[in-house]
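Engineer: Structure below; questions to follow.
Readers should treat all values here as calculations from the given coordinates under stated rules, not as data from a laboratory. Note that this is a predicted model, so its numbers are computed, not measured. Cβ placement follows ideal geometry from the backbone for every residue including glycine, while neighbour counts extend to all protein chains displayed.
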Amino acid sequence: MAKIVVIGAGMGGMACAARLASKGHEVQVLEHNKTWGGKLGYAEHGGHKFDTGPSLLTLPAVYRDLFLKTGAALEDSIEIVDLDTAFRYQFADGTVLKMPGTGIGKCAQAIGDTLGGNSADQWRQFMRRAADMWAVTRKPFLESELHGLKSLLALTWRVNDIRTIAPTKTLRDLANHYLTDPRLITLVDRYATYTGSDPRQAPAALATVPYVEQMFGAYHVAGGLRELGRALYERATSIGVTFEFDCTVTNIATEPRVSGVTLDDGRFISADIVVANSDASNVYQYLLSPAAQLTAKSARKSLAKATPSLSGFVILRAMSGKTPDLEHHNVFFPENYDDEFNSIFGINKKISPVAEPTIYICSPNDPKMTPRGDESWFMLINAPRHDPNDGVDWSNLELKNSYTEQILSVLSKRGFESRDRVTWQDTITPADLEKNTLAPGGSIYGTSSNGMRSAFLRPENVTKIPNLYLVGGSSHPGGGLPLVGMSAEIVASRIGRA
Ligand SMILES: Cc1cc2nc3c(=O)[nH]c(=O)nc-3n(C[C@H](O)[C@H](O)[C@H](O)COP(=O)(O)OP(=O)(O)OC[C@H]3O[C@@H](n4cnc5c(N)ncnc54)[C@H](O)[C@@H]3O)c2cc1C
């Protein structure tokens, strides 16, 4: 049995801790915050409950596997809810596309009925290509360790696989190849943001994101997605994982090998193995000695080359009464989506909050989250990271207030005037996200998928420092609840049984 310290009680840290405890190890989780969950945040006001992080669950199979392997079925702990309408998309020309929850055929039909022409057929073909991409990439790129470009080179003899993935093409290129309606291109573009990226730079293989959503479903968790975190925390503790909150790891002892971590109050916690769920860039920059940083030189170099993912500007609103024609998930697209990506990533212009952003509203149709007859809105606007030196200083209160007002004006221009029904409102900026989760700049997904080599620049789960592992959204295979769960599986399998 090894003594294992996990730094951070995000979903990646807790998932890995539970898997390791079920393999017979002694596992202790050390968390900077007063509670578990990390980016899977939560807020409550006067009977209104809000997820402040993830609001959409895809690939629940990842968590089903975790729960089964650590004791009992996931559905014994939470209720996973299938939505009749997964998304209400409103385009700049006023078109409203209501996308069904699960089923590529049903989604194609909805697209055809709403957008007309041969859009349904085009979508089916696009999804068929995405299915092929999923088949090729799932095992080697998501469910296995990735060893830099070596992993790609190992595939080169499978010429057809390479052709399927189209590694030199971007998501936008692929959308343009299959789809002619600009509204469908806009729809596909949005999926790049699920990895915090720009569709004009992100790889074509991200077409697997809408494929997974439509093939395997888009789900809610009764009571909010935070309940998935609660279930995981309870599972981990029930099988012996111990948690300490309100403590920050300031150093990982690695000489001559991993022997433990130091906390901000000076205590040393010994360990045979350390699994860091904290952001990989913080691990490499702040938690290692100069000698260990040298050992991890190549990982540090790759990180320096990668573009950090975008962040998010969140507005929470308790609303009295019901908004006509609002679904659980709602997306209001702008006229000029490229301007949003240019502003976030500073392409041909200064990094800045875009004036006319895409607005996402999650208004859960869930009696456990909202007093009867009312609504609890979680609004998310993709935004540049917090970077007071070279980007946007989101700690500026004036900016926070004026951007909130700007977003609400844009929403009302898009036909949803709501100010007179607001009973409470709060805003979470990228600066708050950074403070709350210790993610540099408040990046939601660690490094972005911008660039052909992005997957290979992402930190590997197994570091060059023996017995130091990385788990969670800032390491391989990436951010979002499913991938974070997969990273936990990769790390736990690699460490193995006691
Ligand atoms: C606004 C928003 C919306 C999102 N929407 C979705 C969605 O709809 N669907 C989806 O699947 N995903 C979504 N995501 C992404 C998803 O939340 C993350 O990918 C996932 O929760 C990351 O989990 P993690 O374990 O990798 O890291 P984190 O959640 O960041 O957890 C890391 C933990 O480590 C702790 N920590 C860091 N450093 C230290 C230290 N030195 N000492 C002690 N503790 C430390 C932090 O406090 C934190 O609790 C969203 C995220 C955000 C912010």
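Engineer: Could you work out the relative contact order of the chain, using alpha carbon pairs under 8 angstrom and six or more residues apart, expressed as a whole percent?
Structural biologist: The value is 24 percent.
Engineer: Here is a further query. Between residue 424 and residue 139, what FRET efficiency comes out of the Förster formula 1/(1 + (r/R0)^6) with R0 = 35 Å and r the beta carbon distance, rounded to 0.05?
Structural biologist: In this case the efficiency is close to 0.15.
Engineer: Another question about this same structure. Find out how many positive minus negative residues lie around residue 394, taking Lys and Arg as positive, Asp and Glu as negative, among other residues whose Cβ is under 12 Å from that of residue 394.
Structural biologist: Here the charged neighbours net out to -2.
Engineer: Quick one: which residues, 5+ away or cross-chain, put their amide H under 5 Å from the amide H of residue 118? H built at 1.01 Å from N.
Structural biologist: HN-HN under 5 Å from residue 118: empty list.
Engineer: Rank these for me by crowding, 289, 278, going from fewest to most other beta carbons within 10 Å.
Structural biologist: 289, 278
Engineer: So, one more: Sort the following peptides by mean Cβ neighbour count (other Cβ atoms within 10 Å, averaged over residues), highest first: 354-363, 90-99.
Structural biologist: Going from most to least packed, we get 354-363, 90-99.
Engineer: Right, here's the next one. How large is ³J(HN,Hα), in whole Hz, for each residue of the stretch 240-256 in order, when computed from phi with the Karplus curve 6.51 cos²θ - 1.76 cosθ + 1.60 and θ = phi - 60°, using x for Gly and Pro?
Structural biologist: x, 5, 9, 10, 10, 9, 6, 9, 10, 6, 10, 7, 10, 7, 10, 9, x
Engineer: Quickly rank 384-391, 205-212, 290-297, 7-14 as a protection proxy: mean count of other C-beta atoms within 10 Å, highest first.
Structural biologist: Ranked by mean Cβ neighbours within 10 Å, highest first: 7-14, 205-212, 384-391, 290-297.
Engineer: Let me ask something else. Cross-link list 368/435; 305/350; 69/98: which exceed 26 angstrom alpha carbon to alpha carbon?
Structural biologist: Correct reply: 368/435; 69/98.
Engineer: While we're looking at this one, here's another question. Can you work out ³J(HN,Hα) from phi for every residue in the stretch 286-303, in order, using Karplus 6.51 cos²θ - 1.76 cosθ + 1.60 and θ = phi - 60°, giving whole Hz and x for Gly and Pro?
Structural biologist: Going residue by residue, I get 10, 9, 10, 6, x, 5, 5, 4, 5, 4, 9, 4, 5, 5, 5, 5, 4, 4 Hz, with x marking Gly and Pro.
Engineer: Still on this structure: How many angstrom lie between the C-alpha centres of the stretch 188-267 and the stretch 1-20?
Structural biologist: The stretch 188-267 and the stretch 1-20 have Cα centres spaced 11 Å from each other.
Engineer: Just report the Cα centroid separation between the stretch 442-478 and the stretch 36-79, whole Å.
Structural biologist: 23 Å
Engineer: How far, in degrees from 0 to 90, does helix 481-495 lean away from the longest principal axis of the Cα atoms of the chain, to the nearest 10?
Structural biologist: 20 degrees
Engineer: May I pose another question? Which of the peptides 106-112, 425-431, 485-491 is most tightly packed, and how do the rest follow, judged by the mean count of other Cβ atoms within 10 Å per residue?
Structural biologist: 485-491, 425-431, 106-112
Engineer: What FRET efficiency do you get for residue 497 and residue 339 if R0 is 56 Å and r is their Cβ-Cβ distance, rounded to the nearest 0.05?
Structural biologist: Once the sixth-power term is evaluated, E becomes 0.60.
Engineer: Give the long-range amide H neighbours of residue 87: residues separated by 5 or more places, or on another chain, with amide H under 5 Å away, using H modelled in the peptide plane at 1.01 Å from N.
Structural biologist: Long-range HN contacts for residue 87: 99.
Engineer: Considering only Cα-Cα distances, which of the following residue pairs are longer than 26 Å: 169/464; 169/349; 23/464?
Structural biologist: Cα-Cα > 26 Å for 169/464; rest within.
Engineer: Also, I was wondering about something else. Modelling each spin label as a point 7 Å along the Cα-to-Cβ direction, I'd like the residue 244/residue 257 distance in nm, to one decimal.
Structural biologist: Between residue 244 and residue 257, the simple spin-label model gives 2.3 nm.
Engineer: What FRET efficiency do you get for residue 176 and residue 368 if R0 is 45 Å and r is their Cβ-Cβ distance, rounded to the nearest 0.05?
Structural biologist: 0.60
Engineer: Provide the per-residue ³J(HN,Hα) series for the stretch 208-224, in order, calculated from phi with Karplus coefficients 6.51, -1.76, 1.60 and θ = phi - 60°, each as a whole number of Hz, with x at glycine and proline positions.
Structural biologist: Listing the rounded values in order: 5, 5, x, 4, 4, 4, 7, 7, 9, x, 10, 10, 10, 10, 4, x, x Hz.
Engineer: On to the next question. Can you tell me the relative contact order of the stretch 157-261? Whole percent, Cα pairs under 8 Å, sequence separation 6 or more.
Structural biologist: Relative contact order comes out at 20 percent.
Engineer: For helix 104-115, what angle does its Cα long axis make with the longest principal axis of the chain, in degrees from 0 to 90 and rounded to 10?
Structural biologist: 40 degrees
Engineer: Expressed as an acute angle from 0 to 90° and rounded to the nearest 10, what is the orientation of the C-alpha long axis of helix 119-137 relative to the principal long axis of the chain?
Structural biologist: The angle comes out near 10 degrees.
Engineer: Moving on to the next point. Apply the Debye scattering formula to the chain, with a single equal point scatterer on each alpha-carbon and no solvent, then give log10 I(q)/I(0) at q = 0.06, 0.10, 0.12, 0.13 Å⁻¹.
Structural biologist: -0.26, -0.75, -1.11, -1.32
Engineer: Report, in listed order, any pair from 49/413; 3/34; 49/301 with a Cα-Cα distance greater than 31 Å.
Structural biologist: Table pairs above 31 Å Cα-Cα are 49/301.
Engineer: A further question on this structure: Dividing the convex hull volume of the Cα atoms of the stretch 103-212 by its residue count, what figure in Å³ per residue is obtained?
Structural biologist: For the stretch 103-212, the hull spanned by Cα atoms encloses 100 Å³ per residue.
Engineer: Quick check: convex hull over the Cα atoms of the stretch 307-440, volume per residue in Å³, rounded to an integer?
Structural biologist: Given the Cα convex hull of the stretch 307-440, per-residue volume reads 117 Å³.
Engineer: Another one. Using the number of other C-beta atoms within 10 angstrom as an exposure proxy, rank 178, 42 with the fewest first.
Structural biologist: So the ranking, lowest neighbour count to highest, is 42, 178.
Engineer: Quick check: residue separation of residue 160 and residue 297 times 0.36 nm, minus the Cα distance between them. What number comes out in nm?
Structural biologist: Between residue 160 and residue 297, full extension yields 45.9 nm more.
Engineer: So how far apart, in nm, are the two label points at residue 395 and residue 413 if each is 7 Å from Cα heading toward Cβ?
Structural biologist: Using points 7 Å along Cα→Cβ, the separation is 3.1 nm.
Engineer: Further, regarding this structure: What nm distance separates the two modelled labels at residue 323 and residue 118, each placed 7 Å from Cα along Cα→Cβ?
Structural biologist: Distance between label points: 3.7 nm.
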